[in-house]
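Asks: Sending over a structure as C-alpha cells; questions will come in a sec.
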Amino acid sequence: MNPIESMRSFLAWSRPILEVYRPLKGLQIALRLRRAMWAAQHGATVDIRLPDLRHPVTLRAGTSDAAVFLQVFVQRQGYFPVDGTPKFIVDAGANIGLASVCLANRFPGSTVVSMEIDPSNFAALANNCCRYPTVVPMQVGLWSHAATLAIENPEADSWAFRTVEVAPDTPGAIQAIGVADVMDRFGKDRIDVLKIDIEGAENELFSAD
C-alpha cells in the first residue's frame, strides 16, 4: 500500500472517532489508538487523553483493550441513558476499567464498584481507576451466590473470558460474590446502576434470588 492509500485507509478507519471528538482532538486520539493496536510493541502501554475524562486511560498494546476503548468511548456504550443521578453503581466484568472510569466522570458523586476476575485485566483496571477515589476496584466475580470460579477459556482474548464454578481448592480459583453480598458489604439497600458484561454468566447470576 502506497502512502496515499495508507492515509486514505487511516482516515476511513478513524472517521467514527473524528465524528465523536471533532477533527483535531479526534485525530490525536486516532493516532494514539492506532499505536496501541498496531504500532507499539506488544506489552507496551499507550495513554490516551479524552476531553470528557479528568485523567488519561492506559491501554495495553496489541491486546483487545483498543476494541474495548472503541466500544465504551467511540460507540458510546459507556454513555447509556440513566434516570436521575445514581449514587451506587456496580460494574461487573469491568475488564480494564474503562466503563468504570466513564461512569465515574459522568457521575462524580457516585460510588462505582469495579469488579474483574482476571489478574492481568485487574492490574490494568487498578491503574486506570487509581486516580478516582470514588471507584472501588475488587478482584472478584459476580455470581448468584458466594462461590469460587475458574476461567473456562484462558486462551481467549482478555475481554472474552468465561467463568465456571469450581471447588474452593481448585488451583487458581477466583472468589465470587452475589449481588446481595455487594450490597451488604457497602451498606446499600439498592443498586442504582448495574452494568454487567460477564460473558454468558448472566444466566447464572439471575438464576436465583
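Asks: Whole-Hz ³J(HN,Hα) for each residue in segment 119-134, computed from phi via Karplus 6.51 cos²θ - 1.76 cosθ + 1.60 with θ = phi - 60°, x for glycine and proline: what do you get?
Replies: For segment 119-134, the Karplus-derived couplings read x, 5, 4, 5, 4, 5, 4, 4, 5, 5, 9, 5, 8, 10, x, 7 Hz, x marking Gly and Pro.
Asks: Can you list residues from other chains, or at least 5 along the same chain, whose modelled amide H is less than 5 Å from the amide H of V136?
Replies: V112, V113, S114
Asks: Amide H of V166: which non-local residues (sequence gap of 5 or more, or other chain) have their own amide H closer than 5 Å, using H built in the peptide plane?
Replies: Amide H to amide H, under 5 Å and 5 or more residues apart or across chains, V166 pairs with T148, L149, A150.
Asks: I've got another one for you. Give the lysines reachable from K87 as a straight Cα distance under 17 Å; neighbours fewer than 8 places away on the same chain don't count.
Replies: Partners found: K188, K195.
Asks: Then there is this: Can you pull a Stokes-Einstein diffusion coefficient for segment 1-62 at 4 °C (1.567 mPa s), Rh from Kirkwood over Cα pairs, as a whole number of µm²/s?
Replies: 105 µm²/s
Asks: Follow-up question, since we're still on this one. Only Cα pairs within less than 10 Å get springs; with that Gaussian network setup on the chain, which residue of A44, A180, A61 has the largest fluctuation?
Replies: A44
Asks: Could you list which residues have their amide H under 5 Å from that of A44, counting only those 5 or more apart in sequence or on another chain, with H placed in the peptide plane?
Replies: A61
Asks: In the chain, what % of DSSP beta bridges are antiparallel (nearest 5)?
Replies: About 40 percent, rounded to the nearest 5.
Asks: Residue by residue through segment 59-68, which ³J(HN,Hα) values in whole Hz follow from phi under the Karplus form 6.51 cos²θ - 1.76 cosθ + 1.60 (θ = phi - 60°), with glycine and proline marked x?
Replies: After applying 6.51 cos²θ - 1.76 cosθ + 1.60, I find 10, 8, 5, x, 10, 7, 4, 5, 5, 5 Hz.
Asks: To continue, here is another question. Which order, highest average first, do 187-195, 85-93 follow once you tally other Cβ atoms within 10 Å for each residue and take the mean per peptide?
Replies: Descending mean neighbour count gives 85-93, 187-195.
Asks: Using each residue's phi in segment 11-22, evaluate 6.51 cos²θ - 1.76 cosθ + 1.60 at θ = phi - 60° and report the 3J(HN,Hα) Karplus result to the nearest Hz, with x for Gly and Pro.
Replies: My calculation for segment 11-22 gives 5, 5, 5, 7, 3, x, 5, 5, 5, 7, 10, 6 Hz in order.
Asks: Given q = 0.10, 0.13, 0.14 Å⁻¹, what are the Debye log10 I(q)/I(0) values for the chain, with equal point scatterers placed on the Cα positions and solvent ignored?
Replies: Calculated log10 I(q)/I(0) at the listed q: -0.46, -0.75, -0.86.
Values in this text are rule-based calculations from the coordinates and carry no lab data. Keep in mind that what you see is a predicted model, and the values were worked out from it rather than measured. Glycine gets a Cβ as well: all are built from the backbone with ideal geometry, and neighbour counts include every protein chain shown.
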